[in-house]
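Worksheet: one structure, shown below.
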């Protein structure tokens, strides 16, 4: 857990944190199953009346495949700037961290969870294979024709 005290955040000095974590002890929301590795850099400073942060996140995530619910790893690089609010005020854009300190690990995890797709699909999925087959041009009309019940009758007639 990497925390920064709000009192230490000033306009004059940017606070820089380089953190390696797997977010052990944090709750993951579906489709995120876990974090294999994550390095993030957080630059925290005061912007106007808000505490503000720039995050650069490089993470390997374990995600649930939306087709078959198997877990697969995927790599993400995310850059995001957000306000770190104490409460909703209708003006600031970012995440709410009430109290006198900000958990940067939690902020990074929230950014990751908002960046991943709602329904991720691994590249080896049957879904992609079906799409690739649909994109292929049929070599002839006969190859792409649906079988009909009359095909059996034609075979019988041709055999005689």
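The values are calculated or read from the model by the stated rules, or taken from the named source; none is laboratory data. Remember, it's a predicted structure, so these values are computed and weren't measured experimentally. Please note: Cβ atoms are built from the backbone with ideal geometry, for glycine as well, and neighbour counts cover all protein chains shown.
Observations on the model:
- Odd one out for residue 58 among (1) touching a residue at least 60 places away in the same chain (Cβ under 8 Å); (2) touching a strand residue (DSSP E or B) at 6+ places or on another chain (Cβ under 6 Å): (1)
- A single entry from 16, 77 fulfils the requirement of being surrounded by fewer than 15 Cβ atoms within 10 Å (Cβ to Cβ), modelled with pLDDT of 90 or more and under 15 Å from the mean Cα position of the chain (by Cα): 77.
- Cross-chain or 6+ apart pairs with Cβ under 9 Å, segment 27-44 first and without any contact (Cβ under 8 Å) to a residue 24 or more places away in the chain, then assigned to a strand (DSSP E or B) and crowded, with 17+ Cβ neighbours inside 10 Å: 37/59; 39/57; 39/59
- Unique match (being closer than 24 Å to residue 15 by Cα, in a helix (DSSP H, G or I) and at pLDDT 85 or above) among 110, 84: 110
- Residue match in segment 93-102 (condition: farther than 30 Å from residue 15 by Cα, surrounded by 14 or more Cβ atoms within 10 Å (Cβ to Cβ) and modelled with pLDDT under 85): no
- Any hit, segment 125-146, residues being surrounded by 10 or more Cβ atoms within 10 Å (Cβ to Cβ), assigned to a strand (DSSP E or B) and either out of contact with any strand residue (DSSP E or B) (no Cβ under 7 Å at 6 or more places or on another chain) or at pLDDT below 85 (or both): no
- Taking segment 87-107 as the range and being farther than 30 Å from residue 123 by Cα and not in a loop (DSSP other than H, G, I, E, B) as the test, the residues that pass are 94, 95, 96, 101, 102, 103, 104.
- Among the residues of segment 2-59, those identified as touching a helix residue (DSSP H, G or I) at 6+ places or on another chain (Cβ under 8 Å), assigned to a loop (DSSP other than H, G, I, E, B) and at negative phi are 2, 21, 26, 28, 29.
- With respect to the conditions (1) under 17 Å from residue 113 (Cα atoms); (2) part of a strand (DSSP E or B), residue 66 falls short on a single one, namely (2).
- Residue in segment 25-37 that is under 20 Å from residue 85 (Cα atoms) and in contact with a strand residue (DSSP E or B) (Cβ under 9 Å, 6 or more places away or on another chain) present: no
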